[in-house]
């Protein structure tokens, strides 16, 4: 549920007399000061898989070409040679691994 939906719900409760003006303001302030993804009642939850994908970075230290395999290996916790082998095999069998590797090389930022 978005923040706007939460505020509308709080406003409806205040209009119905379930919340005082002070309670409404306090609840609204909590909505705006809450960290994104923090769990509280019916607030928006961030999927852990999505959060992990957002942490994907190309590796600076474990790289052969673009650092994509090193970054994927660090994110998943498996050895980077396994990821490199999977990409190499996918390139050899039909060239399917070339396009994803190229796109990841372009769009995934480098770690700092």
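Here, each number is a calculation from the coordinates, and none is a lab measurement. Computed from a prediction, not measured in an experiment: that's the story for all the values here. No Cβ is skipped: glycine too gets one built from the backbone with ideal geometry, and neighbour counts run over all protein chains shown.
Shown for 87, 32, 24: other C-beta atoms within 10 Å of each C-beta, ranked fewest to most, produce the order 32, 24, 87. Shape index of region 51-107: Rg/Rh, with Rg the Cα radius of gyration and Rh the Kirkwood radius from the inverse mean 1/r over Cα pairs, equals 0.95. If a spin label sat at a point 7 angstrom from the Cα of residue 63 along the line to its beta carbon, the backbone N atoms of region 72-110 nearer than 17 Å would be those of 72-75, 80-81, 84, 101-110.
Sorting 83, 68, 3 by the number of Cβ atoms found within 10 Å of their own Cβ, with the fewest placed first, yields 3, 83, 68. Shown for 63, 84: other C-beta atoms within 10 Å of each C-beta, ranked fewest to most, produce the order 63, 84.
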